[in-house]
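A.B. asks: Below you'll find the structure I mean.
The values are calculated or read from the model by the stated rules, or taken from the named source; none is laboratory data. Quick caveat, the model's predicted, so the values are computed rather than measured. Please note: Cβ atoms are built from the backbone with ideal geometry, for glycine as well, and neighbour counts cover all protein chains shown.
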Amino acid sequence: MSGLELLAWEAPGWGAALAAGLLKSVLIALGAFSLGLLIGIGGAYGKLYGGPVTRDLLAVYTTIVRAVPELILILILYFAFTSSINNLLLAWGFERIQISGFVAGIAVLGVVQGAYATEVLRGAILSVPAGQIEAARAMGMPPLMLAWRVTFPQMLAAAIPGLANLWLIATKDTALLAVVGYAELTLVTRQAASTTKAFFTFFMAAGLLYLCISILSTLIFGRIEAWARRGQVRQEGR
Amino acid sequence: MKDTAAPSPEAIRVDELHKSFGAHHVLKGVSLRACEGDVVAIIGGSGSGKSTMLRCINFLETPSSGRISIGGEDVAMRPDGSPLNRKQIERLRQSLGMVFQSFNLWTHRTVLENLIEVPVHVLKTPKDEAIARARKLLARVGLAEKEGAYPAFMSGGQQQRAAIARALCMEPRAMLFDEPTSALDPELVGEVLQVIRGLADEGRTMVLVTHEMKFAREVASHVIYLHNGLIEEQGPPDQLFGAPKSERLKQFLKSVA
């Protein structure tokens, strides 16, 4: 079979299988990125304004997660995550369950993303001029509304480049889930390649798919950044 | 003194206020009283504590001790001076329009959005009502055509006038000005002072920290001269500027003249 026939949508082509793998990869990346963002917002505020215990715990979290290679973290977290949930269930007298690779993947990558997002957002919050926050406090704005309506939009412009990086890392880290047997794009590609022996065709195809995600993402993040920077004087070549 | 004629109600009262930053004792027991319609100007050299005193009134700085009441309502404070009740502070802050040295307009919002932000989201004013009020205020400070502009694209004088309009849009009981012209280029000072003067003329209660002595003399009903965290001298402007008693105030007035 020629390369194009191998990539055809219908069997014996692998097109549909690759597309399904791609979809799973993107969905996991979206889930992990969102979870990471939530952890990051909590982590950044905790690190900046939390008590000493909160700060220490968060420092341990971000240090360990950022120090250990992601592949090892994924192996540890994946097996620890699934087995600890089952241990809990057994301890409470429930049946052991099969945790879907999808949920476990999002949880594991989300925890990794959260550590990086904590640092990106912490820096972005610090970049908000104190006067912007003070003006809102002086007018009696309550703290949560202040965070949502002043701090968050103000820090977004500074956070977007770092968050865009994190998103791209999230899309590529989904490939690491292949090691725990989850059928995302990389694992499907490997199966296709080893079944048909057309290694070059399939890995090139997968590489192109990842490239497409990244180009599309860059365009979208560019739009978001332009929106977040509304009201700022453009400073080019600085 | 006799209490004969009914005095206008008290808007702001500060009693025996102390404030320390660590070991640095900035305010050493200062008091201030502003009734409705009063314009109190606080003057003094740099480091005299005048801005700190103003910022304690709405608790942007936490006093170390003392008593503050707004519109006759005492602010509940812990023994260390920190506010006891966040909700009370927020409510009282909504009745005090603060204008900062560095304007502090929200840069991600247009001028009109800056004005209606707190009325709509905090005070729950209907949006069309807030917009109508904001437009009136913008026209008043001479920025009617700037409502869609972002602050970063305006001059300092325009930004400060917008910031004054933003504070007025909350319909505050009193206005607090923290050196409103100190960050402006000299040629832009006049337009901002003119707006503040207009507010004084219409009988607004104001506490004003300023370096503009001529302006303070013209608009203030009462002037406080602070030196090293203490009130060195206070009184009506003509007395304070025309016939200062304390040697330090004489020196100070000479140095800024």
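A.B. asks: It is to be established whether one or more residues within the range B:123-142 are under 21 Å from the mean Cα position of the chain (by Cα) and either polar (S, T, N, Q) or within 13 Å of chain A (Cβ to nearest Cβ) (or both).
C.D. replies: Within the range B:123-142, one or more residues are under 21 Å from the mean Cα position of the chain (by Cα) and either polar (S, T, N, Q) or within 13 Å of chain A (Cβ to nearest Cβ) (or both).
A.B. asks: If you take the residues of the range A:144-155 that are farther than 12 Å from B:N104 by Cα, at the interface with chain B (Cβ under 8 Å from one of its Cβ atoms) and not basic (K, R), which of them is farthest from the chain's Cα centre (by Cα)?
C.D. replies: A:M145
Condition check ((1) under 14 Å from B:R173 (Cα atoms); (2) crowded, with 24+ Cβ neighbours inside 10 Å; (3) outside the structural domain of B:P180 (by TED's automatic domain parsing)) across all residues:
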site	(1), (2), (3)
B:I89	no, no, no
B:V111	no, yes, yes
B:N114	no, yes, yes
B:H121	no, no, yes
B:K124	no, no, yes
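A.B. asks: Considering only residues of the range B:91-101 that are surrounded by fewer than 20 Cβ atoms within 10 Å (Cβ to Cβ) and touching a Gly at 6+ places or on another chain (Cβ under 8 Å), which is nearest to the other protein chains (Cβ to nearest Cβ)?
C.D. replies: Across the range B:91-101, the extreme among qualifying residues is B:R91.
A.B. asks: Restricting to the range B:66-99, give me the number of residues that are out of contact with any Lys or Arg (no Cβ under 6 Å at 6 or more places or on another chain) and assigned to a strand (DSSP E or B).
C.D. replies: Selection size over the range B:66-99: 12.
A.B. asks: Are any residues in the range B:33-65 outside any loop (DSSP other than H, G, I, E, B), in contact with a Leu (Cβ under 8 Å, 6 or more places away or on another chain) and in contact (Cβ under 8 Å) with a residue 40 or more places away in the chain, and if so, which ones?
C.D. replies: B:V39, B:V40, B:A41, B:I42, B:I43, B:G44, B:K50, B:M53, B:L54, B:C56, B:I57, B:S65
A.B. asks: Can you name every residue in the range B:184-222 that is part of a helix (DSSP H, G or I) and either polar (S, T, N, Q) or touching a helix residue (DSSP H, G or I) at 6+ places or on another chain (Cβ under 6 Å) (or both)?
C.D. replies: Passing the criteria: B:L188, B:E191, B:V192, B:L193, B:Q194, B:V195, B:R197, B:A200, B:M213, B:F215, B:R217, B:V219.
A.B. asks: Can you name the residue in the range B:143-161 that is within 12 Å of chain A (Cβ to nearest Cβ) and crowded, with 20+ Cβ neighbours inside 10 Å and, of all such residues, is nearest to B:A183 (Cα to Cα)?
C.D. replies: Only one residue fits best here, namely B:Q159.
A.B. asks: Quickly run through the range B:40-67 and pick out the residues that are modelled with pLDDT under 90 and within 14 Å of chain A (Cβ to nearest Cβ).
C.D. replies: Answer for the range B:40-67, where residues must be modelled with pLDDT under 90 and within 14 Å of chain A (Cβ to nearest Cβ): there is none.
A.B. asks: What number of residues in the range A:119-133 are among the small types (G, A, S), assigned to a helix (DSSP H, G or I) and within 21 Å of A:R55 (Cα to Cα)?
C.D. replies: Going through the range A:119-133 one residue at a time, the tally reaches 2.
A.B. asks: Among all residue pairs at least 6 apart or on different chains, which show Cβ distances below 8 Å where the first residue, located in the range A:53-64, is in contact (Cβ under 8 Å) with a residue 60 or more places away in the chain and the second is among the hydroxyl-bearing types (S, T, Y) and assigned to a helix (DSSP H, G or I)?
C.D. replies: A:L58/A:T118
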